[in-house]
Amino acid sequence: MVAQIWRSHIVFGAVADPFAGWLLMRGLRTLALRVHRQNQTAMRIARHLSAHPKVIRVHYPGLTSHPQHALAARQMRGGFGGLLSFELVGGFRAGNEFVNSMRLPARAVSFGGFESLATQPAAMWAGSIGDGAAETAGIAPGLVRLAVGLEHPEDLLADIDRTLALV
């Protein structure tokens, strides 16, 4: 019996403590609402950015221009997620200025919270794998990754437009 319990423990993980269980239950109650809001806002931002002259390309499966949009539409029936990325005219410097100048999203690499976060993948990877390898891996110098949070969509769009005007 101990061996069976041990195997189950290895497969399923340890039992959460009561406080972690309570936090999980509390968060799950509003998860659908939060994900719905993030999906809606990310789609608005993706559409907005795809029409902006300082944006080369937007990577978001909800856009019909995305190469795998048809697949995403079949598989992602509840929305296309709260994570998108876009490439800026001006390369590395533009991406860096953009991420550093935003007021609402924090510059961070952790996604899934209620606040918007932004990163510049080329800044994280260039030092360890080099610029050439980063570009070969699809990490464009001006790429910005945005995890959309729960801020009001108009506030995020205003911050994006204000920041794009600076870059």
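The values are calculated or read from the model by the stated rules, or taken from the named source; none is laboratory data. Every value quoted in this text rests on a predicted model; they were computed, and no experiment measured them. All Cβ positions, even for glycine, are placed from backbone atoms using ideal geometry, and neighbour counts span all protein chains on display.
Figures for the structure shown
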{"quantity": "Test for R57: is it in a helix (DSSP H, G or I) and closer than 30 Å to T163 by Cβ", "calculated": "no"}
{"quantity": "Restricting the stretch 25-54 to residues that are in contact with a helix residue (DSSP H, G or I) (Cβ under 6 Å, 6 or more places away or on another chain) and either without any contact (Cβ under 8 Å) to a residue 60 or more places away in the chain or under 21 Å from F114 (Cα atoms) (or both), the residue that is surrounded by the fewest Cβ atoms within 10 Å (Cβ to Cβ)", "calculated": "R44"}
{"quantity": "Qualifying residue in the stretch 110-123 (condition: in contact (Cβ under 8 Å) with a residue 40 or more places away in the chain and farther than 24 Å from A32 by Cα)", "calculated": "no"}
{"quantity": "Selection within the stretch 40-57 - small (G, A, S) and over 12 Å from G81 (Cα atoms)", "calculated": "S50, A51"}
{"quantity": "Which numbered condition G95 fails, given (1) without any contact (Cβ under 8 Å) to a residue 24 or more places away in the chain; (2) farther than 23 Å from Q40 by Cβ; (3) under 16 Å from the mean Cα position of the chain (by Cα)", "calculated": "(1)"}
{"quantity": "Pairs with Cβ under 6 Å, 6+ apart, first in the stretch 138-167 and closer than 19 Å to E97 by Cβ, second part of a helix (DSSP H, G or I) and among the charged types (D, E, K, R)", "calculated": "V167/E97"}
{"quantity": "Selection status of P67, crowded, with 19+ Cβ neighbours inside 10 Å and either assigned to a loop (DSSP other than H, G, I, E, B) or out of contact with any helix residue (DSSP H, G or I) (no Cβ under 9 Å at 6 or more places or on another chain) (or both)", "calculated": "no"}
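Residue-wise test of (1) among the basic types (K, R); (2) at pLDDT 95 or above; (3) over 23 Å from G142 (Cα atoms).
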{"site": "S8", "(1), (2), (3)": "no, no, yes"}
{"site": "W22", "(1), (2), (3)": "no, no, yes"}
{"site": "L31", "(1), (2), (3)": "no, no, yes"}
{"site": "A51", "(1), (2), (3)": "no, yes, no"}
{"site": "R77", "(1), (2), (3)": "yes, no, yes"}
{"site": "F86", "(1), (2), (3)": "no, yes, no"}
{"site": "F92", "(1), (2), (3)": "no, no, no"}
{"site": "A106", "(1), (2), (3)": "no, no, no"}
